[in-house]
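Scroll down for the structure; my scribbles are underneath it.
The values are calculated or read from the model by the stated rules, or taken from the named source; none is laboratory data. Everything numeric here is computed off the predicted structure, so don't read it as measured data. Backbone-built Cβ (ideal geometry, glycine too); neighbour counts: all protein chains shown. Remember, those area values only see protein heavy atoms, side chains included, never the ligands or the DNA or RNA. Shrake-Rupley method; radii C 1.70, N 1.55, O 1.52, S 1.80 Å.
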Amino acid sequence: GVLVTHTVTSLRRILLGFAIGALAGIAVGVGTGFFSRVRAIGIPLIHATYPIPKIAILPLLILWMGIGEPPKIAVIAIGVFFPMAINTHTGIAECDPVLLRVGISFGAGRWALVRKVLLPASLPMIFAGLRLSAGISLLLVVSAELIAADSGLGFFILNAADLLQTEDLMVGLVVLSLLGLVFNALISWAERAVIRWR
């Protein structure tokens, strides 16, 4: 029962952080991939901030947001944002120019090109980013729960280690591995459902 409660708590943090980070990353990736002005500002900023270890930002987030849920969700969102922005940008930048010319010749405006040509063409890269982000979100939720939490899988694992409860420690690690497998399976299923032409 205790393990289920901790797992549900971690899952809630992961899903919220993942959703926020993925949506923001895709939006910025579309912007930098399609709009030259956004690219000129966005890409240098991404390259400058990407190497910063995301868990190193957590103490700063706690100072700004307090010790509750927001900093844990925010650190996951930040970790997910970068692979999603980079992968979406790459997918759009590598879109076949012929597809764009066909869209333009049919009278598609900028947003129609993004929605009907660029986003579908970049879906394989977006899903690769989602798969990468799933692993990152698991890593970050555990790291955040090791530092400033009284619940979640990270807290459960740390508590088991402190009390030398090897069985609980191993069970916590197995649950994390299973979550990783479930996330990967769900993303693969969604990819097959969305990208039917692959």
Check: How long are the semi-axes of the ellipsoid equivalent to segment 130-197, from square roots of 5 times the Cα gyration tensor eigenvalues, in whole Å, largest first?
Finding: 30, 13, 6
Next item on the list: May I ask you to list the residues of segment 1-26 whose amide nitrogen lies under 13 Å from a point 7 Å from Cα along the Cα→beta-carbon direction of residue 178?
Entry: 1-8
Note to self: At 1.4 Å probe radius, can you tell me the per residue accessible area of the chain in Å²?
What the structure shows: 55
Check: At a Förster radius of 45 Å, what calculated FRET efficiency corresponds to the Cβ-Cβ distance of residue 166 and residue 41, to the nearest 0.05?
Finding: 0.35
Check: What's the angle, to the nearest 10 degrees (0 to 90), between helix 69-93's Cα axis and the longest principal axis of the chain?
Finding: 30
Next item on the list: Calculate, in nm to one decimal, what residue 64 and residue 2 gain on full extension: separation in residues at 0.36 nm each, minus their alpha carbon distance.
Entry: 19.3 nm
Item checked: Quotient of C-alpha Rg and 2.2 N^0.38 Å, computed over the chain -> 1.18
